[in-house]
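Here's the structure, in structure tokens; my notes come after.
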């Protein structure tokens with residue numbers, strides 16, 4: 001059984017929705033199973049509450065060491081000035097011990113994201129996240145154009161060949177479109193299929 005962790009950070013719930021969609025996609029592949037977890041919040045609770053953060057999320061908080069327990073990891077993060085959120089970076093910055101021991105080498109890694117605006121750094125966030133995964137030894141999997149939803153131009157939506165994405169709006173009022181959630185499911189299935197084949201031997 002290929003075990004895949006969907007690990008995310010979400011301030012307002014948009015990335016959280018994509019995370020659960022990605023896990024659904026993993027679960028649609030025979031011989032693969034997904035577990036959804038999140039990284040710890042580092043913003044003080046009173047400040048986070050005043051900012052309207054979604055503090056109550058059912059996913060358990062992950063530890064860095066458990067990354068080595070999975071065959072693949074699908075990471076989800078909102079964009080912060082074209083990069084991953086500091087909460088996710090702080091979590092990954094603790095992976096030095098796993099890096100030194102080569103514990104993550106050969107595992108499948110994939111990323112999805114959310115931005116406030118249509119051109120708010122989705123692709124730069126995904127690509128810069130890939131840099132970290134390459135240093136850790138992950139085999140990177142994106143969202144191929146065999147997912148036709150990212151080709152549509154009838155409405156404003158997310159979706160890049162580097163990973164699924166969604167647009168939250170400047171005030172966070174937009175919710176993931178159906179095509180965004182389907183992109184995350186497709187990415188989950190794609191990651192699960194590749195992970196299963198890599199671990200079959």
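Before moving on, here are some points about what is shown:
- Within the option set 13, 25, being out of contact with any strand residue (DSSP E or B) (no Cβ under 9 Å at 6 or more places or on another chain) and within 20 Å of residue 181 (Cα to Cα) holds for one residue only, 13.
- Selection from the range 34-54 of residues that are touching a strand residue (DSSP E or B) at 6+ places or on another chain (Cβ under 6 Å) and surrounded by fewer than 22 Cβ atoms within 10 Å (Cβ to Cβ): 35, 37, 40
- Spans of helices (runs of 4 or more DSSP H) in the range 55-152 with at least 1 residues in contact (Cβ under 8 Å) with a residue 60 or more places away in the chain and buried (at least 19 other Cβ atoms within 10 Å of the Cβ): 86-92
FYI, it's all coordinate maths here, none of it is from the lab. Since the structure is predicted, the reported quantities are computational estimates derived from the model, not experimental observations. Every residue, glycine as well, gets a Cβ built from its backbone with ideal geometry; the counts of neighbours run over all protein chains shown.
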